[in-house]
Amino acid sequence: LKVVLLWHMHQPQYQDRVSGSYQLPWTYLHAIKDYTDMAAHLEAVPGARAVVNFAPILLEQITDYAAQARGFLDDSGAIRDPLLAALVVPALPTDSESRLALIKACLRTNEARVIRRFAPYQRLADMAPLFTEHPDALAYVTDQYIADLLVWYHLAWLGETVRRSDAQVKHLIDKGSGYSLHDRRELLAIIRGLLEGLVPRYARLAEHGQVELSVTPYAHPILPLLIDLNSAHDTLPEAPLPRDAHYPGGEERARWHIREGIEVFRRHFGFVPAGCWPAEGGLSVPTLRLLRAAGFTWAAGGESVLHNSLARAGHAPHAMKEAWLYRPYSVMDSGMSCFFRDDGLSDLIGFTYTSWHADDAVANLVGHLETIAAACHGHADRVVTLALDGENAWEHYPENGYYFLSALYTRLAQHPRLELTTFSECLESLPAKPLHAFVAGSWVYGTFSTWIGSRDKNRGWEMLVDAKRAFDAQAPQLAPEQRALAERQLAVCEGSDWFWWFGDDNPAETVGDF
């Protein structure tokens, strides 16, 4: 049985494109932790294979962060992320508001899995409520307390593979407290090395055939909705939609995101990818046609999209997934081959196994795959797709998923009846089954309800339509350089992420950030 692990690496654009500053630090933090660990685990098991998908705006931000760290260490240049800058500036802020903000920022991680793991970090965190709940107590906060908290926050966000292998990191951890400015700059040098090394590491894995690299359109837009807002009605025919029937020039904007995504990928890795994980697995026939026209041969999406499409084609999906899920499909006249994730098995990795012992979790997952292999015996055209975010789950695992990922790759690479592979290799030997109907949807419930169809989300689209019309009206008067900058800012606004957070079911502070 062929098995494909697809890891989707994605962070939204957190940079203010006018000032260059970063509003939230998640890109560089996930880079030094999760993207670093994910490369290291593959490097440690040469027989392992995976598909790794990058969002272009993530690649651009990683490159920019590496340049910031390099510029600071080599030429005393400015660091434009407030949290990363605070780690190394000689003079910490003196006003109470800024100091309180730093304290709160350095506690934004998993308390049970991360903070409590390190006794010095836990002691610092235990003091924090005194300052956060009683502002008058901030007068007694020393620079050393904030410096130590900043160092421990960044040490805790390093990849587990880094903490286990880097002698400088081990020294800083053993020191425990009383970190000097030299210590803090040494830590930035470690961060710089991790950031600068990420793209080359994945490029080497691709060159050696261990990894197939793929890409998402530039700013992570929901392409089916950009092309046609009414595609939301494919699965939710009664859902209210924004006041405008169409996003102005949506198809051309979709083409722009696809072209620019490919170009950013090519600049970073030196070649053009064969595959695309569309943002949120959002698929429709017009989307697939545009991807094929741009040169892609495969795309991947969610199980529910295939389920709905088979039902529309008059083939009610059997309760046994072996009968319909585990194979590539050629979608109507799009020219594209599509793979669809096993939602249940993928979500076991993303959510359930976080509280399991690693050996039990891997044994359970391999047991499921062995059962599928037995059910598919005699059918050489079967492939199971496990697809999920490559960063968000691991802080909920012990040691950032170190034991789980190590055991998973080792066990699958050595298994006599399971073959880790990639989508492009599958298409060399597996015939794609024709799919004669298609229902637009995403990997979230098989619908687009996370991004459209409720009052707040529809209001977001209406604001975006207003912005696009303003761009269309003013862009012809802009100088070429200004227009290019404005177009990239428009692309960020067209990304999926801020729509995700609209709605009453999300924390007000997070909604405000986006």
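Listed values, structure above:
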read-out	value
Complete set of residues in segment 242-270 that are out of contact with any Phe, Trp or Tyr (no Cβ under 8 Å at 6 or more places or on another chain), surrounded by 16 or more Cβ atoms within 10 Å (Cβ to Cβ) and either among the basic types (Lys, Arg) or part of a loop (DSSP other than H, G, I, E, B) (or both)	Arg255
Flag for Ser449 being in contact with an Asp or Glu (Cβ under 9 Å, 6 or more places away or on another chain) and either open to solvent by 50 Å² or more (accessible area, probe 1.4 Å) or in contact (Cβ under 8 Å) with a residue 40 or more places away in the chain (or both)	no
Residue check, Ala86 part of a helix (DSSP H, G or I), out of contact with any Asp or Glu (no Cβ under 8 Å at 6 or more places or on another chain) and over 17 Å from Arg184 (Cα atoms)	no
Residues of segment 271-312 classified as over 22 Å from Val384 (Cα atoms) and either among the acidic types (Asp, Glu) or not in a helix (DSSP H, G or I) (or both), total	4
Residue pairs meeting the criteria (Cβ under 9 Å; at least 6 apart or on separate chains; first touching a residue at least 12 places away in the same chain (Cβ under 8 Å), in segment 224-241; second surrounded by fewer than 22 Cβ atoms within 10 Å (Cβ to Cβ) and of a type in the set (Asp, Glu))	Pro224/Asp234; Leu226/Glu251; Ile227/Glu251; Asp228/Glu251; Leu229/Asp244
Condition met for Pro46 (within 22 Å of Glu263 (Cβ to Cβ), touching a residue at least 60 places away in the same chain (Cβ under 8 Å) and either touching a Cys at 6+ places or on another chain (Cβ under 6 Å) or assigned to a loop (DSSP other than H, G, I, E, B) (or both))	no
Total residues in segment 19-29, condition in a helix (DSSP H, G or I) and open to solvent by 10 Å² or more (accessible area, probe 1.4 Å)	1
Extreme residue, farthest from Val439 (Cα to Cα), among residues of segment 272-283 that are in contact (Cβ under 8 Å) with a residue 40 or more places away in the chain and open to solvent by 10 Å² or more (accessible area, probe 1.4 Å)	Ala274
Segment 489-500, residues that are in a helix (DSSP H, G or I) and out of contact with any Asp or Glu (no Cβ under 8 Å at 6 or more places or on another chain)	Gln489, Leu490, Val492, Cys493, Asp497, Trp498, Phe499, Trp500
Residues within segment 464-484 that are surrounded by 13 or more Cβ atoms within 10 Å (Cβ to Cβ), aliphatic (A, V, I, L, M) and in a helix (DSSP H, G or I), tallied	4
Enumerated helices (runs of 4 or more DSSP H) restricted to segment 344-439, each holding at least 3 residues that are open to solvent by 30 Å² or more (accessible area, probe 1.4 Å) and in contact with a helix residue (DSSP H, G or I) (Cβ under 8 Å, 6 or more places away or on another chain)	358-375, 402-414
Residue list for segment 315-332, filter: free of Cβ contacts under 8 Å to residues at least 40 places away in the same chain and farther than 18 Å from Ala380 by Cβ	His315, Ala316, Pro317, His318, Ala319
Counted residues, segment 63-81 - those being open to solvent by 20 Å² or more (accessible area, probe 1.4 Å) and in contact (Cβ under 8 Å) with a residue 60 or more places away in the chain	5
Selection count, segment 3-18, where residues are open to solvent by less than 30 Å² (accessible area, probe 1.4 Å) and in contact with a strand residue (DSSP E or B) (Cβ under 9 Å, 6 or more places away or on another chain)	9
Near pairs, Cβ below 6 angstrom, 6+ apart or cross-chain, from segment 132-149 (free of Cβ contacts under 8 Å to residues at least 12 places away in the same chain) to any residue that is assigned to a helix (DSSP H, G or I)	Ala137/Leu130; Ala137/Phe131
Subset of segment 181-193 [touching a residue at least 12 places away in the same chain (Cβ under 8 Å) and either open to solvent by 30 Å² or more (accessible area, probe 1.4 Å) or more than 30 Å from Pro273 (Cα to Cα) (or both)]	Leu181, Asp183, Arg184, Arg185, Glu186, Leu187, Leu188, Ala189, Ile190, Arg192
Of the criteria (1) polar (S, T, N, Q); (2) without any contact (Cβ under 8 Å) to a residue 60 or more places away in the chain; (3) crowded, with 20+ Cβ neighbours inside 10 Å, which one Ser214 fails	(2)
In segment 231-241, the residues that are farther than 25 Å from His10 by Cβ and part of a helix (DSSP H, G or I)	His233
Positions within segment 413-430 being farther than 20 Å from Val51 by Cβ and either modelled with pLDDT under 95 or charged (D, E, K, R) (or both), in sequence order	Arg417
Matching residues in segment 221-241 - criterion: being out of contact with any Gly (no Cβ under 7 Å at 6 or more places or on another chain) and open to solvent by less than 20 Å² (accessible area, probe 1.4 Å)	Leu225, Leu229, Ser231
Of residues in segment 126-178 being open to solvent by 20 Å² or more (accessible area, probe 1.4 Å) and of a type in the set (Gly, Ala, Ser), the one nearest to Arg108 (Cα to Cα)	Ser177
Every residue from segment 82-108 that is surrounded by 17 or more Cβ atoms within 10 Å (Cβ to Cβ) and of a type in the set (Val, Ile, Thr)	Val88, Ile103
Matching entry among Leu59, Leu6 (being in contact with a His (Cβ under 6 Å, 6 or more places away or on another chain) and either modelled with pLDDT under 95 or of a type in the set (A, V, I, L, M, F, W, C) (or both))	Leu59
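The values are calculated or read from the model by the stated rules, or taken from the named source; none is laboratory data. Model, not experiment: these values are computed from the prediction. Every residue, glycine as well, gets a Cβ built from its backbone with ideal geometry; the counts of neighbours run over all protein chains shown. Ligands, DNA and RNA are excluded from the accessible area calculation, which covers all protein heavy atoms including side chains. Shrake-Rupley method; radii C 1.70, N 1.55, O 1.52, S 1.80 Å.
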